[in-house]
Amino acid sequence: MDQKMDFNAPHSMGTTIIGVTYNGGVVLGADSRTSTGVYVANRASDKITQLTDNVYVCRSGSAADSQVVSDYVRYFLHQHTIQLGQPATVKVAANLVRLLSYNNKNFLETGLIVGGWDKYEGGQIYGVPLGGTIVQQPFAIGEMEDEILKNHCSIEHCFPGSGSSYLYGFFDQAWKEGMTKDEAEDLVKKAVSLAIARDGASGGVVRTVIINSEGVTRNFYPGDQLPLWHEELEPQNSLLDILGAPEPMNI
């Protein structure tokens with residue numbers, strides 16, 4: 001099959017991003033694969049970006065677009081905090097993300113999940129899909145692949161994107177109110193590994209961020225610490241181990 005590889009194409013994150021509320025805070029999670037067309041440009045990128053001490057954002061879609069939105073929102077929140085003399089709330093941060101996304105909806109190709117904790121409403125998750133809609137949810141899932149961005153599909157189908165149907169079904173069964181911190185993080189880690197197993201645009205490692213009244217905890221899970229799913233192979237040191245062939249002779 002003749003498939004051209006455009007190495008000058010914009011960097012896009014065919015991404016799995018997840019935000020989950022639990023009893024006391026939120027857990028954000030993401031894979032780490034960033035692609036340029038069909039080429040994996042970065043297999044260990046960090047898609048969970050800090051906005052304030054208590055608010056983070058998960059980024060999907062165009063890497064450049066999501067980064068510039070995050071940078072602007074971080075700057076505005078810094079000014080907001082100085083003026084008020086106290087940290088910005090999660091709702092303020094999410095609405096700033098929504099405002100920038102909506103006002104520039106004809107130029108941006110990014111979907112975002114904002115999550116954090118504040119003393120007024122506790123842990124909160126907001127989904128801001130392509131186009132600038134804002135939805136507060138107990139959990140949010142985002143997968144945005146290159147083909148979705150190229151086709152410029154309608155807003156309601158652009159986020160969370162392809163592959164999300166099995167994750168939403170999984171979350172409908174697995175998510176529950178009043179989860180503990182450990183239960184919520186295990187759910188996020190399992191869901192991202194499921195998406196990595198099924199979605200060719202998702203891959204790499206899993207990163208999580210836990211935000212609650214005690215602060216922020218970041219965790220890192222390499223591929224050999226993730227559960228294996230149907231027809232996935234055990235980690236091997238060599239392709240020859242998988243094929244069952246003998247190692248080549250040393251000359």
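Key figures
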read-out	value
Accessible area (Å², 1.4 Å probe, nearest 10) - D199	10 Å²
Amide H contacts under 5 Å for V206, placed H, 5+ residues apart	Y221
From phi via Karplus (6.51, -1.76, 1.60), per-residue ³J(HN,Hα) for region 169-186 in Hz, x at Gly/Pro	x, 4, 5, 4, 8, 9, 6, 8, 6, x, 5, 7, 4, 5, 5, 5, 5, 4
By accessible area with a 1.4 Å probe, ligands and nucleic acids excluded, highest first: order of W229, W175	W229, W175
Tensor-based shape of region 74-122 (alpha-carbon gyration tensor, a/c under 1.5 rounded, otherwise prolate or oblate)	oblate
Spin-label model distance (nm) - A197 vs Q225, 7 Å beyond Cα toward Cβ	1.9 nm
Y126, Y75, Y168, reordered so the largest accessible area comes first (probe 1.4 Å)	Y75, Y168, Y126
Cα gyration tensor category, rounded, prolate or oblate, for region 168-219 with a/c compared to 1.5	oblate
Amide hydrogen neighbours beyond the local backbone of G37, cut-off 5 Å, H modeled	S12
Cα gyration tensor, region 52-143 - rounded (a/c under 1.5), prolate or oblate	oblate
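The values are calculated or read from the model by the stated rules, or taken from the named source; none is laboratory data. Nothing here was measured: the structure is a model prediction, and the numbers come from that model. Virtual Cβ from ideal backbone geometry, glycine too; neighbours counted across all protein chains shown. Accessible surface areas use protein heavy atoms only, side chains included; no ligands, DNA or RNA. Shrake-Rupley method; radii C 1.70, N 1.55, O 1.52, S 1.80 Å.
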